[in-house]
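Okay, structure first, notes after.
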Amino acid sequence: MRFPFLFAVLTASAGALVGCSAEPQAQKEDVASEASELRLSGARYAGKMAYGETKAVDYNSSARYRSIAFDAKAGDEITIEVSSKYGDAVTWLTDGRYEVLAFNDDASSRTLDSKIEHKIATTGSHRIVIRDYDLLPATFDVKLSVKATAATCSYDGKTYSEGATFPSTDGCNTCSCGPSGNVACTKRACQPACNPEAEPNRNYVGSPAQCQVIRFTCQPGKQPFFNACGCGCETL
């Protein structure tokens, strides 16, 4: 906030000349209490922005407030930074109906810029509302950012963190969890599962590797077979 130093000095000097103490310095306007006025009067719309963008907004007192819309999801941890070379930024965060969610005048005692950090509670449209503290013409740079959160993926009833790899449900491919929460799997052709108990008509005599070097004969009424699981004799 700006302090009227020159006014205070002149007042003190005048008091000394007439032999009496200066009047107490007037209290600054409580801009944080303007929430009710903001809801009633609304603000001049200055467009829409998205996370990661910076938007320049020209301000003058023809309309007391400027507002910028953005979409947010519940759980988003956002940061709003409003700066100006000459202006004194005052900033509100509101929902789509201009109900105030957060407020900031000066980000610190060393700046006239403002900063709001807030965790969004409800998915939907929100507003960044700004004004100059003294209602003087100024150009404000409004920066909107969101804290990056690691993505998660759901697959076959389980949750995996971004970057995790896990077996595919087909038993022969591998899947991974991507940065957007999408699951990507390799596309190798799967060999049939070997289950001799489910093949009573077949008698396996060797694995695929063994079948390359062994020789065998089948009894009458049976014939040789070779597959991805091995080799042997099967009933005709």
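What the table shows:
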{"read-out": "Residue check, Tyr133 assigned by TED's automatic domain parsing to the domain that holds Ser176 and modelled with pLDDT of 90 or more", "value": "no"}
{"read-out": "Candidate set: the range 85-137, residues that are among the aliphatic types (A, V, I, L, M), within 22 Å of the chain's Cα centre (by Cα) and not in a loop (DSSP other than H, G, I, E, B); chosen: the one nearest to Ala43 (Cα to Cα)", "value": "Val129"}
{"read-out": "Pairs where the first residue, in the range 177-191, is more than 16 Å from Gly163 (Cβ to Cβ) and the second is among the acidic types (Asp, Glu), C-beta under 6 Å, 6+ apart", "value": "Cys190/Asp170"}
{"read-out": "Filter result for Lys85 (over 16 Å from Leu144 (Cα atoms), surrounded by fewer than 18 Cβ atoms within 10 Å (Cβ to Cβ) and of a type in the set (Lys, Arg))", "value": "yes"}
{"read-out": "The range 159-173, residues that are acidic (Asp, Glu) and over 21 Å from Ala148 (Cβ atoms)", "value": "Asp170"}
{"read-out": "Subset of the range 163-187 [at pLDDT 85 or above and part of a loop (DSSP other than H, G, I, E, B)]", "value": "Gly163, Ala164, Ser168, Thr169, Asn173, Gly178, Asn182, Thr186, Lys187"}
{"read-out": "Single residue of the range 148-162 satisfying the filter (of a type outside the set (S, T, N, Q) and surrounded by 12 or more Cβ atoms within 10 Å (Cβ to Cβ)) that is nearest to the chain's Cα centre (by Cα)", "value": "Ala151"}
{"read-out": "Filter result for the condition that a residue is of a type in the set (Phe, Trp, Tyr) and either part of a loop (DSSP other than H, G, I, E, B) or under 30 Å from Ala151 (Cβ atoms) (or both), over Phe216, Phe226", "value": "Phe216"}
{"read-out": "Criterion (part of a loop (DSSP other than H, G, I, E, B) and surrounded by 14 or more Cβ atoms within 10 Å (Cβ to Cβ)) met by exactly one of Ala74, Ala69, Ala63, Ala46", "value": "Ala63"}
{"read-out": "Where a residue in the range 90-111 is assigned by TED's automatic domain parsing to the domain that holds Arg44 and its partner, wherever it lies, is of a type in the set (Ser, Thr, Tyr) and surrounded by fewer than 16 Cβ atoms within 10 Å (Cβ to Cβ), with Cβ under 8 Å and at least six apart", "value": "Asp95/Thr122; Asp95/Ser125; Gly96/Ser125"}
{"read-out": "Test for Thr123: is it in contact with a Lys or Arg (Cβ under 6 Å, 6 or more places away or on another chain) and more than 30 Å from Asn60 (Cβ to Cβ)", "value": "yes"}
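The values are calculated or read from the model by the stated rules, or taken from the named source; none is laboratory data. Quantities reported herein were computed from a predicted structural model and do not represent experimental measurements. Glycine gets a Cβ as well: all are built from the backbone with ideal geometry, and neighbour counts include every protein chain shown.
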